[in-house]
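Just so it is clear, none of the values below were taken in a lab; they were calculated from the coordinates. Every value quoted in this text rests on a predicted model; they were computed, and no experiment measured them. Counting neighbours? That spans all protein chains shown, and the Cβs are built from the backbone with ideal geometry, glycine included.
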Amino acid sequence: MPPTVVAIDGPAGAGKSTIARALAKDLGMAYLDTGAMYRGVTYEVLRRGLEATDIDAVARVAREVRFVQTADSLHVNGVDATAAIRSPEVDAAVSHVASNSAVREELRERQREWIVRHGGGVVEGRDIGSVVFPEATLKVYLIASPRVRAERRVAQHGGDVQEIATAIAERDRRDSTREDSPLRQMPDAVVVDTSDRTILEVVREIGGILKTRIVSS
Ligand code: DC
């Protein structure tokens, strides 16, 4: 039996982290936030004073960097970067790092090793169901209205709703138009709109679908 993998993809602010973390807890499965890995590379790139657009230098950082990641923390080369990877500087630079194919290749390998080590898990990102785990047990594509997505970011980090909405739209555009592993909805993914629903409702729905998949396989 292959390990159970739940792939959760979708644009920024659709509720991926909240839902994936709650779902993993509910199912007693491990949880991996792959966006935190792209953010961790970006954090280290900026800390070293490198340009996020310097393809070779950024690729080297991705290959060298050591991560210790739990469900709610990330240490980068021994430094707790949990808060710093959510800074506006990292937000602004991360899509350049995420469009670097050598970085993607390195992180993809680490994500696959993580699943082997944990014997399965709930994995959240942009290319999980499409590229990293195309054979995932269940693929979920989360969406939410632009208003709700901007409001969620503001509730978490503060700021102006209109400005955040513009920044989210720009990041979506870059994430879904990049050449390597763009954000896209797979035909075999279950689409769940989280706009006007509670975390519990969404977690129950996904958990229910997963159970039927496991029973029928
Ligand atoms: O989910 P997030 O906002 O933490 O993701 C940070 C960035 O990393 C985002 O711009 C998209 C990118 N990313 C990616 O390209 N592939 C993934 N599997 C996860 C995130």
Test each condition in (1) of a type in the set (Val, Ile, Thr); (2) more than 27 Å from GLY207 (Cβ to Cβ); (3) in contact (Cβ under 8 Å) with a residue 40 or more places away in the chain; (4) more than 14 Å from the ligand (Cβ to nearest atom) for VAL154 and report the one that comes out false.
-> (3)
Region 95-106, residues that are touching a residue at least 40 places away in the same chain (Cβ under 8 Å), surrounded by fewer than 18 Cβ atoms within 10 Å (Cβ to Cβ) and within 13 Å of the ligand (Cβ to nearest atom) = SER101
Identify the single condition in (1) free of Cβ contacts under 8 Å to residues at least 24 places away in the same chain; (2) in contact with a strand residue (DSSP E or B) (Cβ under 8 Å, 6 or more places away or on another chain); (3) among the basic types (Lys, Arg) that ARG39 does not satisfy, given that it satisfies every other one.
-> (1)
For region 60-94, which residues satisfy the criterion of being polar (S, T, N, Q), within 16 Å of the ligand (Cβ to nearest atom) and farther than 19 Å from VAL123 by Cα?
-> SER87
So TYR141 fits all but one of (1) buried (at least 19 other Cβ atoms within 10 Å of the Cβ); (2) part of a helix (DSSP H, G or I); what number is the exception?
-> (2)
Regarding ASP72, is this residue exposed (fewer than 15 other Cβ atoms within 10 Å of the Cβ), within 16 Å of LEU32 (Cβ to Cβ) and in contact with a helix residue (DSSP H, G or I) (Cβ under 9 Å, 6 or more places away or on another chain)?
-> yes
